[in-house]
1. Sorted from fewest to most neighbouring beta carbons within 10 Å, what does the list Ser166, Ser253 look like?
2. What is the Cα coordinate range of the range 182-237 on the first, second and third principal axes, sorted by size from largest, in whole angstrom?
3. Helix-derived [θ] at 222 nm for the chain: sum -39500 (n - 2.57) over DSSP H runs of at least 4, divide by residue count, nearest 500?
4. For the chain, what is the charge dipole size about the Cα centre, in debye to the nearest 20, if Lys and Arg each add +1 at the Cβ and Asp and Glu each add -1 at the Cβ?
5. When a/c is below 1.5 the answer is rounded, else prolate if a/b is larger than b/c, else oblate, so apply that to the range 1-154 with a ≥ b ≥ c taken from the square roots of the Cα gyration tensor eigenvalues.
6. How high is the relative contact order of the range 163-258? Use alpha-carbon pairs under 8 Å, at least six apart in sequence, and give a whole percent.
7. Amide H neighbours of Thr69 under 5 Å, counting only residues 5+ apart in sequence or on other chains, H built in-plane at 1.01 Å?
8. To the nearest µm²/s, what D does Stokes-Einstein give for the range 91-139 at 4 °C and 1.567 mPa s, using the Kirkwood radius over alpha carbon pairs as Rh?
Amino acid sequence: MYSGPALMALTELFAEILKAQEPLAPYTALQVGGRAQFFAEPRSEEELGQLIACCYEEKMPLRVLAAGTNVLIRDEGVGGVVCRLSAPAFQFVTIDGHRVRAGAAVSLTQLIAEVCRHCLAGLESLIGTPGTVGGALFCSLGSPGSTFMNGVDRIEFYDHQGQRCSVSRDDWDALLAEHLPPVVLAVEFMLEADDAESILRRLRRAWISRHGRQPFFFQRTARMFQEPRGLSLEQLFEQAGIRHYRAGNVAVSERDPNFVVVQPGATAREVLLFIEQLRHRVYEHTGHTLRLEPSVW
Ligand SMILES: Cc1cc2nc3c(=O)[nH]c(=O)nc-3n(C[C@H](O)[C@H](O)[C@H](O)COP(=O)(O)OP(=O)(O)OC[C@H]3O[C@@H](n4cnc5c(N)ncnc54)[C@H](O)[C@@H]3O)c2cc1C
């Protein structure tokens, strides 16, 4: 936990939006884990920029929480500031011809619904994927060449000092490799026009296929591993004898083996241990090292 003069500056300047010792589990899909030392929900871009600059000056770590579908919070909680972009200022979609600008906190579902209504195609296969536009950039969806990234044109963000910047899609990976993670404000997409009927047909197909295989919406669930290139995770799990593995409050989803399903009462420690056991078993039986999908805080 962080202490000292930095705390005074922070708590005085941001008294209206800062909560101390906020439980984070309710903000995440897995609903496990401890508290944030400080939790802030900035009301505007300007306020967010000031918060980032203050954290930078006071050497206070700052993390961004979006829909919480891809973070695993440790039971010990998180030191520094956890910032959630829940305000309307981060939840807009504007469309001008083929160009679409979406706030970082817009859900993928809302974005896809809006662009499809304007007969813009390219994102419909992602319908039903939980999470936000900002969160997608930091998960597998944000990998170069993915369906999501193919639609992206520019990314607007605050750097770790609170300077507003923007980069093209092609410069995004280099930026992530060389700098501290930025706080994404908005993403610009360039999408192709198509006829409404074709878009609707693809939307329906994607929706049905996704809902037939991914865990039920009422389950506490998260994707565990990045899809191993050219391999089927299901086959790796079958070979390792863990396709139906469960331990205590945690289990591999019966519907899709890449999801962990967590029962009420589970702890983050249990989930992390479970994931480690799966990785170990897969490595032992197949020689493949699986890479974790969620960010662990
Ligand atoms: C049921 C289910 C189905 C899924 N299906 C797929 C699939 O088919 N394909 C696939 O690739 N993925 C899939 N996923 C993973 C999904 O893409 C991610 O869970 C989602 O994109 C994360 O978005 P989020 O808003 O919840 O981000 P969070 O979980 O809140 O955050 C994830 C990471 O992004 C960072 N972050 C979030 N917003 C910002 C911001 N504005 N600025 C800076 N950093 C930020 C956070 O700090 C964190 O490190 C699935 C997940 C679930 C639960």
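1. On the way: Ser166 13, Ser253 20.
Fewest to most other Cβ atoms nearby, the residues stand as Ser166, Ser253.
2. In descending order, the Cα extents are 41, 36, 31 Å.
3. Numbers: 9 runs with 96 residues, N = 297.
Theoretical 222 nm ellipticity from helices: -9500 deg cm²/dmol.
4. Numbers: 29 positive and 35 negative charges, 211 e Å.
My answer is approximately 1020 debye.
5. On the way: a/c = 2.54, a/b = 1.81, b/c = 1.41.
Prolate, since a/c reaches 1.5 and a/b exceeds b/c.
6. Numbers: 32 pairs, mean separation 21.3, N = 96.
Across the range 163-258, relative contact order equals 22 percent.
7. Ala29
8. On the way: Rh = 10.8 Å.
This corresponds to a translational diffusion coefficient of 120 µm²/s.
Read-outs: derived from the displayed coordinates by stated rules, not from any lab. Predicted, not measured: the structure shown is a model, and the values here were computed from it. Every residue, glycine as well, gets a Cβ built from its backbone with ideal geometry; the counts of neighbours run over all protein chains shown.
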